[in-house]
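Before we start, here is the structure in question, set down as C-alpha cells.
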Amino acid sequence: ELRAVRTFLLGRPELGLSPTRRGPLAKNTLFLVEMLPPKKRPALRYLDQGGPRPRRLARAVIFFGGQAEPNVTELAVGPLPQPTWYRPLRFKSGHHVPFSARPMTMLEYELLHQTVAQALEPLNRFLRDATGFWYQQNCSQRCLTFSDIAPRGLAPGERRSWLVLQRFVEGFFLHPVGLEVLVDHRDLDPRRWAVQKLWYNGRFFSSPQELAQSYELGTLAVAKLPDVPPPEKLFSTYEPRGSFSTGTPTEVHGAKVCEPQGRRYRLRGNRLEYGGWSGAFRLRSSAGLQLFDLRFNGERVTFEVSVQEAIAFYGGHTPAAMQTKYMDAGWGMGSVTYELAPGIDCPEVATFLDVHHLYDADGPIRFPRAICVFELPTGVPLRRHFDSDFQGGFNFYAGLEGQALVLRTTSTVYNYDYIWDFLFYPNGVMEAKVHATGFIHATFYTPKGRRYGSRVHSHLLGNLHTHLVHYKVDLDVAGTDNSFETMDVLFENISNPWSPGARVGAGTVGGPAQGWEVGVFPPAARSHDGGGSAGAGTDPVPVPRYHLAVTRHHEDEPSSSSIYNQNNPWDPPVSFQAFISDDENIEDQDLVAWVTVGFLHVPHAEDIPNTATPGNAVGFLLRPFNFFDEDPAVASRGPVIVRPLDPPLCTHLQIRRWTPPSPGDCVAPGPFTYNGTARPV
C-alpha cells in the first residue's frame with residue numbers, strides 16, 4: 001500500500017514530485033505516508049451494526065519546496081490498495097503549514113554538515129589542539145559531529161539551529177567539546193546558509209574567524225580535553241568494567257520468561273486476543289503505538305488509545321541547553337522503531353513483528369522486529385490470601401499468579417530511547433507505560449552550569465529536564481454517551497453513636513457509582529512542573545498542563561500535537577489548548593480523555609553510560625470501577641486452592657488447580673507442593 005500511494009502520487013504531473021534523498025531542497029517531495037484512520041461514526045456502524053466497511057485511506061505529507069511560495073500540504077489518498085484520487089486535508093485551526101515548520105530531512109542534515117565543515121575551516125588548528133578532533137572529510141577516526149537543538153529560532157518563520165559539537169566516538173552524545181554553533185538554514189539555497197554566532201567555554205563570538213583570532217592571540221580560555229582512550233575504555237561504552245563485591249555470577253544467563261504449555265494469546269494480523277481482552281493495534285510513523293476497538297469480554301472499553309507526543313524541556317547555561325525544548329513527534333517519533341533484541345528488549349519467546357515506514361525515504365523501509373508481544377509473569381500474585389487458624393495451621397490458602405500481556409515497541413529519538421508498553425491484565429485493567437533510557441542530553445561543563453544539573457563527568461554537565469508524555473484515550477463505556485466525574489475523598493469527624501462524648505474520624509467518598517477509572521501513576525508525577533511554566537511568560541512551546549483533560553470527541557481533533565509543532569511552536573497548526581477552551585458540555589456525550597504523565601529528571605553520575613529504566617517509568621491505568629459484579633479474573637483457570645482435609649493437624653491437603661501439575665522443564669521440575677503450617681521447632 002505504501003508503494004502504491006507513492007507510485008500514484010509521483011505519477012501525478014500537477015504535483016511535480018522528485019526523489020526525496022537527492023537533489024536540491026527547492027523541490028517537491030513526498031515526505032510521509034501512513035494510514036488515515038476512518039472517521040469514528042462510520043467505523044462504529046461497520047463494527048456494531050453491520051454497516052458498510054469504511055474505505056481504506058492513506059495520509060500523505062508533501063513538501064512543496066519547488067514553487068514561489070513553499071508550503072507543506074497534507075493529502076488524503078484513496079482508495080487503497082489501488083489509489084485513484086487525492087484531496088487536501090485541513091487542520092481545525094485553518095492553519096496552513098509554512099515551509100519553515102517542516103521536520104528535518106536527511107538531505108537537509110547532509111547539507112548542514114557540509115555547511116558546518118566549510119564554515120569551521122578557520123578553526124581546524126584550534127579544534128585539533130583543544131580536542132584532538134576536527135571537522136573535515138579527512139578526519140578518519142578523529143571526526144567531530146553535532147547534535148542539533150529545537151525550537152529552531154525565536155519567532156515564526158525562523159530556521160536557526162544551535163548545534164552542539166561532539167567527538168564522534170561511541171556514545172558521542174556524552175562527548176561535547178565546548179563549542180556550540182548557531183546556523184541559519186532557512187533559505188532553500190544552502191549557499192546562503194550562514195553561521196551567525198558561536199559559543200565556546202562560556203564566551204560568545206560573532207564568527208569562526210573571531211574565535212580563531214582569539215585563540216591565535218592567546219586570549220581564549222581553552223578547555224583542552226584529554227585524549228580519547230581505546231573504544232573499550234570509553235566511559236560512554238557498554239563494555240563491562242569493574243566488579244561486584246559479592247562475587248555472585250553475572251557471566252551466566254539470568255532468569256528468563258518461558259511458555260511451558262505454549263502461548264496463551266492469539267495474534268491474527270494486527271488483532272490481539274488474551275483472556276477477556278481483544279483489540280487492534282498499529283504503529284504509525286508520525287507518533288507511535290495506537291490501539292483501536294479495545295474490548296473486554298466483547299464489550300468495548302475504548303475506541304482508541306494512542307501515544308500523542310513526548311516532550312522534554314531542558315535548562316542550562318549554554319545557548320543550546322537553554323534553547324532545548326524537544327517535541328519528539330517532530331523528530332519522527334513513530335518512525336525510529338528499530339529492531340528489538342530477543343532476550344533483552346523482549347523475552348526470547350515473544351512474537352516479533354516487522355513494520356514498514358515511508359518517512360523521509362524514496363520508498364517503504366522495513367524495520368525488522370519493531371514490535372513484540374509476550375505474556376509477562378509479573379512476579380507478584382494477581383491476588384492471594386492465607387487464612388490462618390491461629391493455631392499453627394490454616395483453613396485455606398488461595399492465590400492466582402500474576403501475568404499480563406505486553407505489547408511493546410521502542411522509539412530511539414537520537415539520544416533518548418523510549419520503551420512504550422501497553423499491558424493487559426486478566427482482571428480488566430489496562431496499563432499504558434513508558435520507560436525512558438538511552439543517553440542523557442548533556443552539554444559542556446562550566447561552573448555556571450552547575451545551577452542547571454549535575455557534573456556527571458570531567459567535562460560533562462547532565463542538564464535538568466522534565467519529561468512529559470501525552471496520550472489520547474477515547475473511552476466508550478457501555479456506548480458512546482459518557483460522563484466524567486471525579487471521586488472526592490473527604491475526612492469527617494462525627495460523634496460516636498455508641499459512646500457519648502467520643503468522636504470518630506473516617507473517610508467518606510462521593511463520586512461515580514459505575515464506570516471506568518483513569519489513574520495516573522506515580523500519583524505525584526511532576527508533569528505540573530513543566531505544564532505550569534512552559535506555557536507561561538515568553539516561553540512559546542505549547543504543552544499539556546493537566547494530568548487529565550476531558551473533551552468531546554470531534555473528528556477534526558484527531559491528535560493533540562503534530563509533526564510541525566516542534567519547528568513552529570509559536571503558531572502551531574495543532575494547539576491542544578484550543579481543544580479545552582471551548583467550554584463544551586461533557587455530560588452524556590462522546591468523550592475523549594487526554595492524559596499527561598511525566599517526571600523530573602535531574603541527571604547524575606549513575607546515568608553514565610545510559611539512564612536506567614528503574615525509577616524512570618510513568619504511565620496510567622484504565623481500571624473498571626463497579627462495572628462488573630466481581631473481579632472478572634475469576635474466569636481464569638490459573639488459581640491454586642489448598643485446603644487441609646484434617647484440620648487442625650493439616651497433614652493431609654487437598655490441592656485444587658485447573659492447570660497441569662507441573663509447568664514443565666523451564667522451571668524447577670516436579671509438581672506444585674504446599675505445607676502451610678507454622679509449628680514450633
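For a protection proxy built on the mean count of beta-carbon atoms within 10 angstrom, sort 466-474, 397-405 highest first, please.
Working: 466-474: 23.9, 397-405: 19.4.
Descending mean neighbour count gives 466-474, 397-405.
Order 219, 613, most accessible first, counting only protein heavy atoms with a 1.4 angstrom probe. Mind dumping the intermediate values first?
Working: 219 85, 613 50 Å².
Order by accessible area, largest first: 219, 613.
If R₀ is 41 angstrom, what is the calculated FRET efficiency for the pair residue 354 and residue 76, using the beta carbon separation as r and rounding to 0.05? Walk me through the intermediate numbers first.
Working: r = 26 Å, r/R0 = 0.63.
That pair, residue 354 with residue 76, gives E of 0.95.
Keeping every protein chain present and rolling a 1.4 Å probe, give me the accessible area per residue for the range 172-281 in Å².
So the range 172-281 comes to 61 Å² accessible per residue, rounded to a whole number.
Keeping all protein chains in place and using 1.4 angstrom, which order do 570, 199, 516 fall into by accessible surface area, from largest down? Display every interim value, and only then the final one.
Values: 570 60, 199 5, 516 35 Å².
Ranking 570, 199, 516 by accessible area, largest first, yields 570, 516, 199.
When averaged across all projection directions, what area in nm² does the alpha-carbon convex hull of the chain cover?
Details: hull surface 157.9 nm².
With every direction weighted equally, the projected area is 39.5 nm².
Another one. Please give every one of the lysines within straight-line cross-link reach of residue 448, meaning a C-alpha to C-alpha distance under 29 Å, and leave out same-chain neighbours fewer than 8 residues apart.
197, 224, 325
Tell me the GluC sites (Glu not before Pro) within the range 233-305 that lie in a loop according to DSSP and have at most 11 other beta-carbon atoms within 10 Å. Could you put the intermediate results ahead of the total?
Numbers: sites: 251, 273, 299, 304; in loops: 251.
When the GluC sites (Glu not before Pro) of the range 233-305 are filtered for loop state and at most 11 Cβ neighbours within 10 Å, 251 remain.
Could the peptides 82-91, 176-185, 451-460 be put in order, highest first, of the mean number of other beta-carbon atoms found within 10 Å of their residues?
On the way: 82-91: 13.1, 176-185: 23.1, 451-460: 18.2.
For the peptides 82-91, 176-185, 451-460, the packing ranking is 176-185, 451-460, 82-91.
How much net charge surrounds residue 359 when only the other residues with a Cβ under 15 Å from the Cβ of residue 359 are counted, with Lys and Arg +1 and Asp and Glu -1?
Values: positive: 3, 6, 21, 59, 102, 282, 284, 366; negative: 1, 34, 74, 108, 328, 360, 362.
Local net charge: +1.
Something else now. Kindly state, to the nearest 0.05, the FRET efficiency for residue 483 paired with residue 673, given R0 = 51 Å and r defined as their beta-carbon distance.
Details: r = 51 Å, r/R0 = 1.00.
That pair, residue 483 with residue 673, gives E of 0.50.
Work the Kirkwood hydrodynamic radius out for the range 106-233: mean of 1/r over every pair of different alpha-carbon atoms, inverted, in Å. List each step's numbers first, then the result.
Details: mean 1/r = 0.0658 Å⁻¹.
That comes to 15.2 Å for the range 106-233.
Next question, about the same structure. Net charge around residue 631, counting only other residues with Cβ within less than 15 Å of its Cβ (Lys, Arg = +1; Asp, Glu = -1)?
On the way: positive: 383, 384, 623, 637; negative: 401, 517, 629, 630.
Taking every other residue near residue 631 into account, the sum is 0.
Continuing with the same structure: Given points 7 Å out from each Cα along the Cα-Cβ axis, report the residue 197 to residue 235 separation in nanometres with one decimal.
The modelled label-to-label distance comes out at 2.9 nm.
Would you please classify the overall shape of the range 573-637 from the alpha carbon gyration tensor, given that a ≥ b ≥ c denote the square roots of the eigenvalues, rounded means a/c under 1.5, and beyond that prolate means a/b larger than b/c while oblate covers the rest?
Numbers: a/c = 4.21, a/b = 1.21, b/c = 3.49.
Oblate shape, in that a/c is at least 1.5 and b/c is the bigger or equal ratio.
Given just the C-alpha atoms of the range 245-318, how large is their convex hull per residue in cubic angstrom?
Working: hull volume 19.8 nm³, N = 74.
In the range 245-318, the Cα convex hull volume per residue is 268 Å³.
Mind listing the long-range amide H neighbours of residue 309? Cut-off is under 5 Å, sequence gap 5 or more, other chains count too, H placed in the peptide plane at 1.01 Å from N.
470
If packing is taken as the average number of other Cβ atoms within 10 Å across a peptide's residues, how do 491-504, 632-645, 409-422 rank, most packed first?
For the peptides 491-504, 632-645, 409-422, the packing ranking is 409-422, 632-645, 491-504.
Residue 34: net charge of surrounding residues, Cβ under 13 Å, Lys/Arg +1, Asp/Glu -1, itself excluded?
On the way: positive: 6, 56, 59, 282, 284; negative: 1, 74, 360.
With Lys, Arg at +1 and Asp, Glu at -1, the neighbours total +2.
A further question follows. Determine one quarter of the surface area of the Cα convex hull of the range 1-89, which equals its mean projected area, and express it in nm² to one decimal. All intermediate terms of the calculation are to be shown ahead of the outcome.
On the way: hull surface 24.8 nm².
For the range 1-89, averaging the hull's shadow over all directions gives 6.2 nm².
If each DSSP helix of 4+ residues adds -39,500 (n - 2.57) and the sum is divided by the residues in the chain, what number results at 222 nm, nearest 500 deg cm²/dmol? Let's see the in-between values first.
Working: 8 runs with 68 residues, N = 681.
-3000 deg cm²/dmol, from helical runs alone.
The values are calculated or read from the model by the stated rules, or taken from the named source; none is laboratory data. All figures in this text were calculated on a predicted structure; none of them were measured in a lab. Positions of Cβ are backbone-derived with ideal geometry, glycine not excepted, and every protein chain shown enters the neighbour counts. The area values use the complete protein model at the heavy-atom level, side chains included, leaving out ligands, DNA and RNA. Shrake-Rupley method; radii C 1.70, N 1.55, O 1.52, S 1.80 Å.
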